[in-house]
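Structure, as structure tokens:
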Number of protein chains: 4
Amino acid sequence: MTALPNSGVIPPLCTPLTPEREVDAASLERLVHHLLDAGVHGLFVTGSTGEVGYLTDSARARTLEIVAGAAAGQVPVLAGVIDTATPRVVEQARAAKAHGADVLVATAPFYVPTDPTEFGGHFRAIRSAVDLPLVGYDIPSSVHSKLPAEVVAELASDRVLDGLKDSSGDLNGLHAVLDLVRGTGFPVFSGSETLADVSLRCGASGLVPGIGNVDPHGYVRLYNAARRGEWDLAQREQDRLRRLFRLAAVGDRSRMGGYSSAIGAFKEALVALGVIDNGTTNLPMIQLNDSERAAVRGYLVEAALLPNAEE
Amino acid sequence: MTALPNSGVIPPLCTPLTPEREVDAASLERLVHHLLDAGVHGLFVTGSTGEVGYLTDSARARTLEIVAGAAAGQVPVLAGVIDTATPRVVEQARAAKAHGADVLVATAPFYVPTDPTEFGGHFRAIRSAVDLPLVGYDIPSSVHSKLPAEVVAELASDRVLDGLKDSSGDLNGLHAVLDLVRGTGFPVFSGSETLADVSLRCGASGLVPGIGNVDPHGYVRLYNAARRGEWDLAQREQDRLRRLFRLAAVGDRSRMGGYSSAIGAFKEALVALGVIDNGTTNLPMIQLNDSERAAVRGYLVEAALLPNAEE
Amino acid sequence: MTALPNSGVIPPLCTPLTPEREVDAASLERLVHHLLDAGVHGLFVTGSTGEVGYLTDSARARTLEIVAGAAAGQVPVLAGVIDTATPRVVEQARAAKAHGADVLVATAPFYVPTDPTEFGGHFRAIRSAVDLPLVGYDIPSSVHSKLPAEVVAELASDRVLDGLKDSSGDLNGLHAVLDLVRGTGFPVFSGSETLADVSLRCGASGLVPGIGNVDPHGYVRLYNAARRGEWDLAQREQDRLRRLFRLAAVGDRSRMGGYSSAIGAFKEALVALGVIDNGTTNLPMIQLNDSERAAVRGYLVEAALLPNAEE
Amino acid sequence: MTALPNSGVIPPLCTPLTPEREVDAASLERLVHHLLDAGVHGLFVTGSTGEVGYLTDSARARTLEIVAGAAAGQVPVLAGVIDTATPRVVEQARAAKAHGADVLVATAPFYVPTDPTEFGGHFRAIRSAVDLPLVGYDIPSSVHSKLPAEVVAELASDRVLDGLKDSSGDLNGLHAVLDLVRGTGFPVFSGSETLADVSLRCGASGLVPGIGNVDPHGYVRLYNAARRGEWDLAQREQDRLRRLFRLAAVGDRSRMGGYSSAIGAFKEALVALGVIDNGTTNLPMIQLNDSERAAVRGYLVEAALLPNAEE
């Protein structure tokens, strides 16, 4: 079993699609190499940024196989096993193991009305059913409940959870977990694109930034600066990346939601950088239009990721 | 194609399990006959009351096949095709058609951040992909967004949606839809156990009450009284059923969530009535204990659904 | 002490303003007579519809004095004593008694973080401090907590609360209170404009409808029909009033909030009916523009409250 | 006019009460000196920590006069002018100026349904009515709306707002404001007790920490370390203060809300430190019991603010 990295940058990979909305294997392989070349420490597939909620089971399997193949053991591959409740998550976990995952990442139940009293049983059943390291995924904006710090700490202590991905945006909650697991080596990864430096400073082990697809070198520099204690450098990198992240809001909100905008913008940026072939996103997301796509390129120029065509 | 009934009582079936948490075919067949004997007008499988979020795809398929077989065409079988976003829902829809569904029931996207601008495309894509009547399922407590009345009315007008199941508990929202579809024959079903009479009075076409598993005769009487304009009789029946519905809250909330309590209580009541064999619910729900199970029986005695054992 | 009416229509009065945003006494007196002429059973001043949150203490006192004077004991005057927590509400209650209130109406604490454990002490302290009948005001949309049915029932049983104004829009919550106070004579008033008939049918004692300022005759007819058991007549009246209530949404939501629209529309309708002189609302609400004001008149014509100027 | 400090530690003062719940002048004066002796840069009275929502107008006035008198111009006195909407806030602002405030602090409207389109008019009207520096107070947990960064920046640019107190706990929101006002000198104060160091690192100008009543020296050390760029020292101080802050959760949540616990604990700590005479909080808050009060002292011992009585 390839161990979960206990630190580092683990981007949540976009899932490139063909115009017919099939998984685009060649583009996905180029994306893996784009990230590996930047020195990332792991690859997280079928996460929220990877449009996991839109991918059929066969598309999830295909995505995972392509990434595991391209990674070729250089770094671990984490797979989101995202489904509504325990029996369905266990099936996702079995499939993910079969298709090459090194580590599983699971959320609290959603859609089904749930309760903190059920979270322990949920993760214990997943961990018992499939023998792979398991990372808890705290993402209240999607599942509409929060993993209490005490539950995480108990599951960490019992070796049910091997790590936490905190996409809550709640630094006080991050502190609460870190205070409880201090000294145990239990890794906590921040899913924030914009609070990466302060999360590391607070004690987070690593980063899972969606826009790390677009600028993995930036997050690796930020992470390495933080590890060396060069916090001013880390902060300057974060400031630059925060400005870049504004591209996520490029879509006109009168005709699309914020997620259509963000995922569309990440993919369009990867097209502009020559990494993937198409910016197509899954249904029912709304596609960016020409002016929105042009605006994405503007942010890349501003961030010095693209040359200024006008010069 | 068996048409969607445009009115009537369509209970959302519980999914009986063996102690090993397999679908219990014999119990499920008895449940179907229990409901048909009461005169219900349709059967809704793999809905929230049916623990759809906990059922694996194979368990969903098995449940649907058993019910479709037992119903034998006497009434239409509606199937919840519950998944996170369009491509996954389309797969659920194809499977449901293959396994015997007469009508599909789909929600707005969930888990994935969504937006009202996406709802039209979502339902249109489902309807295009699978040629069965499609009912929109408005359940904000699970999906954390509400189907706007204007969107429902437009999809009704375009023959994308053939009906609505309103589990929002929001009578003003129900009125808003009914005002927009008046005169078109578009049926709107209320998912409320406790506002059934007032929903019918406001113009709802029918009922999808979870506790209709336990007392289908009561809801059929309520519905028939309302159809005849005997509103006082309908209200008295509703008052009795509202008292019965208190059994849903029988579980101790310090050790379980409200849904563990409600689904556990519905199933335990069906055990007490001799309809199904086990009250087991899916993981990670917490099971009722002996005193909670006894309390369920107390409510059945009070509702005259069970004889008083002490007499 | 004039008793709280245990039933009937008790409109929450708009507070007419001069263009300089002073309380307009002549207009307010005409509004009182407009309502009394329609046969209302009480007058509720300084409620949400009366812009209580915008009125200074002196404006609240002036409003109450004008209404109490104009009512001249014909019907009781209820006064909202709306403030953030107990000591401030007690001061409001003392002032309201001094300025002519017959009954006090108080909410749960707001702005301050509060908790259901505090609700009992809050209402008990108010009732002890000022010897007037006290009505609990359940308005979760403003105070962001809900009065639990059990708390209301206990306070009713202990003679702390003499009634409840339910502006929650939650018919299940209404049922929960009514089930607990059944047979005690404790009156529960619905604050819903659009669910008045079903609320009465469920057992509510009376109505406090904001748009009752505009069409008090309609709500009195609805109420009287319900009291006689003529539910179809009550429902037809409600249907008409629900259509009229659409005027509340007349304001362009890209330039104002829903409350600016609703209060502005109520006042503009009263101007159009010749009851008050100005449609001005308090700061920081946005004022209706000419086309929005014209649209208000259109709804009045449609509801047969105004003659069609074009005929 | 004493200027708003553009940086520093400005604790939100507790309001000590006598057992009869009158403002305790002698205790309040001692609290002022306790804070001034620690080197704080301003004093914020009638804020949330000061129980402003519970204080009558006369108690607010008395509190402000006592603090202004005791401060004697050594540092500016900021006063929360907390009320539901513009006309009432203007009255609070006039009173605060009359009773000695140097700077006013106002929130968005609350209780009244409000909308971002109204925020500009609200603050402009307050600023026009009373000629004192005005600080916007972003506290979504109390007012249930958030001040958009764009609105704050526009009001800053127009010299309507002279600063912002950010009690949202949302570091991304803090970044959004700071990015928009960069280079203008517009000060942004963080209201977080536990994210003080990272807020300063992100660019906040100063701190308004509730538990700064208890350990003002700690926050002054933290602030000074941050100003010198000694971020590790600042972080160690923050870590200690975060542990101390756990005393806010000392109350048993089955019998009280979190605010009763926190305010009660702050006051009890001040009693233990000999600063104020009584831990009494306003109605309807629940009082701490003996074991909870003992637990507060335990945290003070752990933080080395009290000697260990057992040694």
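The values are calculated or read from the model by the stated rules, or taken from the named source; none is laboratory data. These numbers were taken from a predicted model, which means no experiment stands behind them. Glycine also receives a Cβ, built like all others from the backbone with ideal geometry; neighbour counts cover every protein chain displayed.
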| request: Would you please name the residue that is surrounded by the most Cβ atoms within 10 Å (Cβ to Cβ), looking only at residues in region D:263-308 that are among the polar types (S, T, N, Q) and more than 14 Å from chain C (Cβ to nearest Cβ)? | output: D:Asn278
| said: For C:Ala249, only one of the following conditions fails: (1) away from chain D (no Cβ under 14 Å); (2) over 25 Å from C:Leu36 (Cβ atoms); (3) surrounded by fewer than 21 Cβ atoms within 10 Å (Cβ to Cβ); (4) among the hydrophobic types (A, V, I, L, M, F, W, C). What is its number? | reply: (1)
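Can you name every residue in region B:153-171 that is among the small types (Gly, Ala, Ser), away from chain C (no Cβ under 14 Å) and without any contact (Cβ under 8 Å) to a residue 60 or more places away in the chain?
Restricting attention to region B:153-171, the residues satisfying the condition of being among the small types (Gly, Ala, Ser) are B:153, B:156-157, B:163, B:167-169.
Pick out the ones that are also away from chain C (no Cβ under 14 Å) and you get B:153, B:156-157, B:163.
Once the filter is applied, which keeps residues that are among the small types (Gly, Ala, Ser), away from chain C (no Cβ under 14 Å) and without any contact (Cβ under 8 Å) to a residue 60 or more places away in the chain, region B:153-171 yields B:Ala153, B:Ala156, B:Ser157.
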| Do we have A:Ser254 as within 30 Å of A:Leu283 (Cβ to Cβ), surrounded by 21 or more Cβ atoms within 10 Å (Cβ to Cβ) and not aromatic (Phe, Trp, Tyr) here? | no
| request: Would you be able to say whether some residue in region C:274-290 is in contact with a Gly (Cβ under 9 Å, 6 or more places away or on another chain), part of a helix (DSSP H, G or I) and farther than 22 Å from B:Asn172 by Cα? | output: no
| said: Need the failing condition index for D:Val143 against (1) under 22 Å from D:Pro5 (Cα atoms); (2) crowded, with 18+ Cβ neighbours inside 10 Å, just the number. | reply: (1)
| Mind checking which residues of region C:11-26 are surrounded by 20 or more Cβ atoms within 10 Å (Cβ to Cβ) and touching a residue at least 60 places away in the same chain (Cβ under 8 Å)? | C:Pro11, C:Pro12, C:Leu13, C:Cys14, C:Pro16, C:Leu17, C:Asp24
| Are there any pairs with C-beta distances below 8 angstrom linking a residue in region C:27-40 that is at positive phi to a residue that is assigned to a helix (DSSP H, G or I), with the two at least 6 apart or on different chains, and if so which? | C:Gly39/C:Pro216; C:Gly39/C:His217; C:Gly39/C:Val220
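Of all residues being among the small types (Gly, Ala, Ser) and in contact with a Phe, Trp or Tyr (Cβ under 8 Å, 6 or more places away or on another chain) in region D:170-205, which is nearest to A:Arg246 (Cα to Cα)? Just the residue, please. Walk me through how you get there before you give the answer.
Quick first cut of region D:170-205, residues among the small types (Gly, Ala, Ser) only: D:173, D:176, D:183, D:185, D:190-192, D:196, D:199, D:203-205.
Applying the additional criterion that residues be in contact with a Phe, Trp or Tyr (Cβ under 8 Å, 6 or more places away or on another chain) yields D:196, D:204-205.
Details: D:Ala196: 25, D:Ala204: 21, D:Ser205: 24 Å.
Restricting to residues being among the small types (Gly, Ala, Ser) and in contact with a Phe, Trp or Tyr (Cβ under 8 Å, 6 or more places away or on another chain), the top hit is D:Ala204.
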| request: Evaluate region B:255-272: report whether one residue or more is assigned to a loop (DSSP other than H, G, I, E, B) and over 21 Å from A:Thr114 (Cβ atoms). | output: no
| task | Check region C:14-31 and report whether any residue there is at pLDDT 95 or above and closer than 23 Å to C:Asp162 by Cβ. | result | no
| query | How many of the residues making up region A:86-108 are surrounded by 20 or more Cβ atoms within 10 Å (Cβ to Cβ) and without any contact (Cβ under 8 Å) to a residue 12 or more places away in the chain? | reply | 2
| field | Selection count, region D:45-80, where residues are surrounded by 19 or more Cβ atoms within 10 Å (Cβ to Cβ), more than 14 Å from the chain's Cα centre (by Cα) and of a type in the set (Ser, Thr, Tyr) | value | 2
| message | What's the total number of residues in region D:115-151 that are more than 22 Å from D:Pro209 (Cα to Cα), of a type in the set (Val, Ile, Thr) and at the interface with chain C (Cβ under 9 Å from one of its Cβ atoms)? | response | 1
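Test of understanding: among A:Val160, A:Val152, which residue is among the β-branched types (Val, Ile, Thr) and surrounded by 22 or more Cβ atoms within 10 Å (Cβ to Cβ)? Steps first, answer last, please.
Details: A:Val160 fails: surrounded by 22 or more Cβ atoms within 10 Å (Cβ to Cβ).
Just a single option satisfies the conditions, and that option is A:Val152.
Looking at region D:1-32, which of the residues that are of a type outside the set (A, V, I, L, M) and part of a helix (DSSP H, G or I) is nearest to D:Arg221 (Cα to Cα)? Don't jump to the end; show me each part of the working.
Taking region D:1-32 first, the residues of a type outside the set (A, V, I, L, M) are D:2, D:5-8, D:11-12, D:14-16, D:18-22, D:24, D:27, D:29-30.
If we keep only those that are part of a helix (DSSP H, G or I) too, we end up with D:27, D:29-30.
Numbers: D:Ser27: 25, D:Glu29: 23, D:Arg30: 21 Å.
Across region D:1-32, the extreme among qualifying residues is D:Arg30.
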| message | Here are the criteria: (1) surrounded by fewer than 24 Cβ atoms within 10 Å (Cβ to Cβ); (2) within 11 Å of chain D (Cβ to nearest Cβ); (3) in contact with a helix residue (DSSP H, G or I) (Cβ under 8 Å, 6 or more places away or on another chain). Tell me which single one C:Tyr111 does not satisfy. | response | (1)
| field | Residue ID - surrounded by the most Cβ atoms within 10 Å (Cβ to Cβ), chosen from residues in region C:114-125 that are closer than 22 Å to D:Gly50 by Cβ and charged (D, E, K, R) | value | C:Glu118
